[in-house]
Every structure is written in C-alpha cells, then in structure tokens.
C-alpha cells in the first residue's frame with residue numbers, strides 16, 4: 001500500500017462526507033467546527049513550540065537566523081511569516097528568511113515537480129550559507145516532502161539546528177530534524193486539501209515562533225510593538241501614541257522626544273522613563289541587548305511601569 005494511504009492528512013473525513021449536500025450555512029458551520037480542531041492540535045504541541053521559540057531567540061542573540069523552507073502552501077506560509085517580521089519588529093530581512101520550492105514564481109502559482117527535488121532544497125540551504133548559528137525549520141504537512149528533507153539534511157551537515165513541522169506522525173522529517181512540532185489536525189474537510197486545517201495550524205505555529213522569539217529579545221514592551229519602523233503616517237501616529245500612553249507624555253513632548261531619536265521608539269522610551277539624553281539612552285540599550293526594561297532599571301533601579 002502506498003505511503004500516502006497511511007497519512008492522516010490524506011484520509012477521508014467522516015464529518016464532511018456529505019459536504020456537497022449542505023447549504024452555505026452548513027458548510028461554514030462544518031468548517032468552523034473542524035478549524036477548532038486545528039487550534040486544539042497546536043495547543044497539544046505547546047511544549048515543543050516553546051522549545052523552538054527559545055531556540056530562535058537564542059540564535060538571534062548569537063547573530064544567527066531563523067530560516068523556513070517548504071513547498072506549496074507550507075512554503076508560502078513560511079515566506080509570509082518571514083516577510084512580516086521587518087515591518088512589525090524592525091528586523092533586517094536577513095534575520096528571518098523564507099524559501100519556497102520553485103522560487104518566487106511558486107508564491108503565486110504551482111511549479112510542477114518543485115517539491116519533489118531534494119537537491120533543490122540542499123541547494124537553497126547552500127545558497128543561504130547556512131551555518132551553526134542558524135535555526136532551520138522545514139515545513140512539510142505530509143512530513144515527507146523531498147525538497148524539505150533535502151534542505152534539512154544539508155542544514156544538519158552544516159551544523160545548523162533543524163526543526164521539522166508536520167501534521168503527520170510518524171514522518172520522514174523525524175529522521176533529519178533535531179526537534180519536531182507535530183500538530184495532528186486530522187483529515188481535512190476536503191480530503192488531502194492541506195491548505196485548510198493543516199495550513200491554519202502551520203500559520204499558528206509560525207506566528208508563535210516569531211512573535212515569541214521577538215518578545216524574548218526585547219521587541220515589545222508589554223504587548224506593544226516598540227521596535228516598529230515608522231515609515232508612513234499611520235506608523236508615525238502609532239509610535240507617538242505608544243510613547244504618550246506608556247510614558248505619560250503630552251503630544252508635544254512625545255513629538256519632540258521622537259524627533260531627537262530619529263523617530264525610534266526604544267530610545268525615546270528610555271529617555272522618557274529616565275530623563276537621560278539620547279546618547280545615554282542608546283548606550284544603555286546597547287549594554288542590555290535592546291531590552292528597554294533592563295536599560296531603564298540600570299538607570300533608575302526600578303522597573304518601568
């Protein structure tokens with residue numbers, strides 16, 4: 001019997017066997033109920049995800065990168081998560097990187113056979129010059145995508161830490177990954193259409209990895225983004241509002257403080273919380289790895305509100 005016949009994500013879902021007899025409301029209700037299973041499946045992997053979040057933060061502090069590799073929906077989700085980090089957390093595009101089998105063309109259309117080429121995965125890893133400081137996450141719902149397997153094998157040879165993200169267990173990914181995240185979402189509403197629950201679970205996991213790691217390296221203060229890039233009027237207004245609300249400044253003072261900092265919120269916060277000038281604010285942040293709370297404590301001896 002072919003291996004595909006044993007994959008949970010390829011199985012028929014008894015709950016949706018008569019989906020073609022339902023009206024629109026019935027289809028929505030059925031899919032919503034199934035989507036809840038994706039959230040629960042991710043919840044069951046909390047410990048594994050937390051371990052990878054800590055690994056990613058550790059790699060960032062060491063000057064390494066988080067690299068996603070995948071094919072099809074999995075690859076697109078990895079590229080999307082990577083692309084959203086620079087505008088959200090003011091990170092360089094090289095910090096979180098996404099590669100998809102078949103290259104950029106595969107982001108908008110299927111590239112025939114791209115996922116079946118393990119050498120292409122290895123070549124992408126070599127092209128990225130992956131090394132021991134990097135964390136490489138191979139995303140493959142089936143757990144057997146040749147492109148991803150080839151990529152993780154090459155990443156391991158190069159000394160990188162490897163993570164497999166799949167929605168089936170056991171899987172071939174386990175043979176090439178140092179760590180596994182395996183949300184078992186069950187059969188899809190449309191058999192084999194892994195852009196559905198599997199895609200939802202994958203997006204949730206990737207969101208958590210990057211967001212959690214960014215929080216750990218000081219990209220937020222509480223639940224506010226404080227390392228965003230104010231590249232347009234909306235973000236400039238948001239930056240000023242966050243400074244006003246967190247530091248209790250009036251609008252004129254917040255505007256002037258941000259002007260002194262070239263629009264950068266982190267040093268503006270340190271200045272507002274401590275009363276120091278821009279040079280000391282930047283120096284304290286550099287001493288404490290960009291962590292605003294630690295920089296403020298170093299000046300005032302107490303935690304900022």
Checklist entry - For residue 204, are the conditions met, namely being within 29 Å of residue 70 (Cβ to Cβ) and in a helix (DSSP H, G or I)? => result yes
Checklist entry - Hey, which of the helices (runs of 4 or more DSSP H) in region 210-305, taking only ones fully inside, have at least 2 residues that are under 22 Å from residue 92 (Cα atoms)? => result 233-247, 265-274, 278-287
Item to check | Count of residues meeting criterion [within 18 Å of residue 128 (Cα to Cα) and within 12 Å of the chain's Cα centre (by Cα)] in region 86-95 | outcome: 1
Checklist outcome for this item: Checked 157, 163 against criteria (surrounded by 17 or more Cβ atoms within 10 Å (Cβ to Cβ) and modelled with pLDDT of 95 or more); the one match is 163
Next on the checklist: I'd like the full set of residues that are in a helix (DSSP H, G or I) and either crowded, with 16+ Cβ neighbours inside 10 Å or touching a residue at least 60 places away in the same chain (Cβ under 8 Å) (or both), limited to region 124-138.
Outcome noted: 124, 125
Checklist entry - So which of 292, 276 ends up being over 21 Å from residue 57 (Cβ atoms) and surrounded by 15 or more Cβ atoms within 10 Å (Cβ to Cβ)? => result 276
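The values are calculated or read from the model by the stated rules, or taken from the named source; none is laboratory data. Source: prediction; values computed, not measured. All Cβ positions, glycine included, derive from the backbone under ideal geometry; neighbour counts span all protein chains shown.
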